[in-house]
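Encoded as structure tokens, the structure appears first; notes follow it.
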Amino acid sequence: GIKSHDAVKTFRDSIHGQGLYKMGLNVAPTCSDCHGVHTIRPAKDTASRTSKAQISDTCGSCHVGVEKTYAESVHGQVFLKGGADQGKAPVCVDCHSAHSIERPTSAHFKATSDQKCGHCHEEPLKHYRETYHGKAMALGRTTSAPTVAGRGRRAGWIV
């Protein structure tokens with residue numbers, strides 16, 4: 001029932017896969033660290049370790065500081081509050097995907113983050129694109145994207 005038939009290849013290319021296969025870090029997570037061993041369930045099942053309801057805890061089991069940062073963020077507060085807006089709040093995999101995990105400082109991540117944020121924040125994205133930094137990103141400065149500023153925390157976006 002796996003949708004992606006190239007999940008192993010995608011994992012190998014991800015930051016976690018590179019840690020395991022290229023750097024030899026045997027502490028890097030593998031499939032069972034996120035999906036479990038005998039209780040593997042589809043992500044739609046709220047009891048699944050990869051469900052929207054559980055993914056913050058799953059990622060946070062290794063990324064402790066990041067989990068705390070998320071919990072204190074605007075998105076984390078909406079999610080933790082629950083209620084009708086909880087389903088709209090992004091969680092780890094909404095920005096970082098599930099298997100093609102990449103460094104947030106990479107040029108590709110930076111270049112695509114505006115689009116990801118823009119799905120919900122359409123109006124701020126329009127204004128960002130009018131700024132010097134937005135134009136630099138749009139003009140193809142993605143090879144030096146880590147040096148191109150995004151919307152800051154004060155403006156509601158994480159750089």
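Key figures
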quantity	calculated
Segment 41-84, accessible surface, carbon-and-sulfur percent (1.4 angstrom probe)	60 percent
Descending principal axes extents, segment 1-139, alpha-carbon based, whole Å	50, 40, 31
Straight-distance crosslink candidates among aspartates and glutamates, where the alpha carbon sits under 19 Å from LYS68 and sequence neighbours closer than 8 are dropped	ASP57, ASP94
23 Å Cα-Cα reach of LYS22 towards lysines, excluding residues that sit fewer than 8 places from it in its own chain	LYS9
Residues of segment 8-84: accessible area per residue with a 1.4 Å probe, Å²	67 Å²
Fully extended contour minus Cα-Cα distance, from GLN77 to LYS22, at 0.36 nm per residue	16.2 nm
Carbon/sulfur fraction of accessible area - segment 85-126, other protein chains in place, 1.4 Å, %	58 percent
All lysines inside 21 Å of LYS110 as judged from Cα atoms, apart from same-chain residues fewer than 8 positions distant	LYS126, LYS135
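The values are calculated or read from the model by the stated rules, or taken from the named source; none is laboratory data. Note that the structure is predicted; figures quoted are calculated from it, not measured. Note: areas computed on protein heavy atoms with side chains; ligands, DNA, RNA excluded. Shrake-Rupley method; radii C 1.70, N 1.55, O 1.52, S 1.80 Å.
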